[in-house]
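What follows is a single structure, written as structure tokens, with notes after it.
The values are calculated or read from the model by the stated rules, or taken from the named source; none is laboratory data. Bear in mind that the values here come from a model prediction, so they are computed numbers and not experimental data. Glycine also receives a Cβ, built like all others from the backbone with ideal geometry; neighbour counts cover every protein chain displayed. Heads up: the accessible areas ignore ligands, DNA and RNA and are worked out on the full protein's heavy atoms, side chains in. Shrake-Rupley method; radii C 1.70, N 1.55, O 1.52, S 1.80 Å.
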Amino acid sequence: MSTPIVTLTTDWGDGSFFAGMVKGVLYSLVEGVQVVDITHRLEAFNVRSATIVVRHACMGFPAGTVHIIDVATQQPFLCIKAHGQYYLCCDNGLPSMVFGDDIEDAALLAVQEGGVYNFAVYNVFARAAAMLLRGAALSDLGERPQQLIQRTIPRYIQQGEYYRIYVHYIDNYGNAYLGMTYREFEELRAGRPFALTVRDQEVTELMTGYFQQQSTNDPRRKLCLTVSATGLLELAVKESSLAQLVGLRENDSVLLRFRS
């Protein structure tokens, strides 16, 4: 890369000084670095939400980008290489949930015995990022881990004539991203009509955008099933929060049925 890039994905919140600390040390260690804030508003300690954000927000960066992820961080600290990029995180299940079998290489970040690492992004990750951007190999950062914690996020399962689809993510607008992609939906649908049950509401049409929602005074009847930029099916209500209106949360589920 002509410009070294480091991204930050954390649960620090907008009012903390942590981002300033980390950016300061990065600017000091890496000449010309560009630091990109993906988000600092992850729910505290919510590895599951971090997984969704990393999967859909980080992978489009240029090869060689270093991504720092700080949520539920504790030793052992890791560097994961995947899709030509580097991810500094920890072995809390996030690497397996994000990358599955796509991990190219990995290293345990070396730390001093007896050291205090209650802010690993500042004490460990920033310096590892600097080494990577200077051309260090993963073997220079530490030994390869023997095994990583394996976790999965439930996406959808078939139950008789229904598919139970889990809510992957709720965005800032209260829209719900479902654990089924548009491609998977169309393959299963095979041109048939469908009904998606969301609490006590039923959706029977896939819309190309929120503007297609029907005109009604009852916002609960403005439920829209569409396709998000991530490729996942998305449930939304125009100019309102679907999550608040129907009480959906991450890991809740909706039921999909195809009609003959």
When N is the residue count of the stretch 138-260, what does its C-alpha Rg come to as a fraction of 2.2 N^0.38 Å? 1.26
What shape does the stretch 1-68 take by its C-alpha gyration tensor, where a ≥ b ≥ c are the square roots of the eigenvalues and a/c under 1.5 counts as rounded, a/b above b/c as prolate, and the rest as oblate? oblate
With all distinct Cα pairs included, what does the Kirkwood hydrodynamic radius of the stretch 53-166 come out to in Å, to one decimal, could you say? 15.1
Please give the charge dipole size of the stretch 73-205, origin at the Cα centre, charges +1 on K and R Cβ atoms and -1 on D and E Cβ atoms. Round to the nearest 20 debye. 180
First obtain the Kirkwood hydrodynamic radius of the chain from its Cα pairs, then insert it into the Stokes-Einstein equation at 20 °C and 1.002 mPa s, and state the resulting D in µm² per second as a whole number. 107
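Find the all-direction average of the projected area of the Cα convex hull for the stretch 65-104, expressing the result in square nanometres with one decimal place. Each step should come with its number before you reach the end.
Numbers: hull surface 10.1 nm².
With every direction weighted equally, the projected area is 2.5 nm².
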From largest to smallest, what semi-axes in whole angstrom does the stretch 1-119 give when each is the square root of 5 times an eigenvalue of its alpha carbon gyration tensor? 19, 18, 16
For the stretch 1-65, the percent of accessible surface on carbon and sulfur atoms (probe 1.4 angstrom, ligands and nucleic acids excluded) is 54
Residue-normalised accessible area of the stretch 116-260, expressed per residue, 1.4 Å probe, Å²: 57
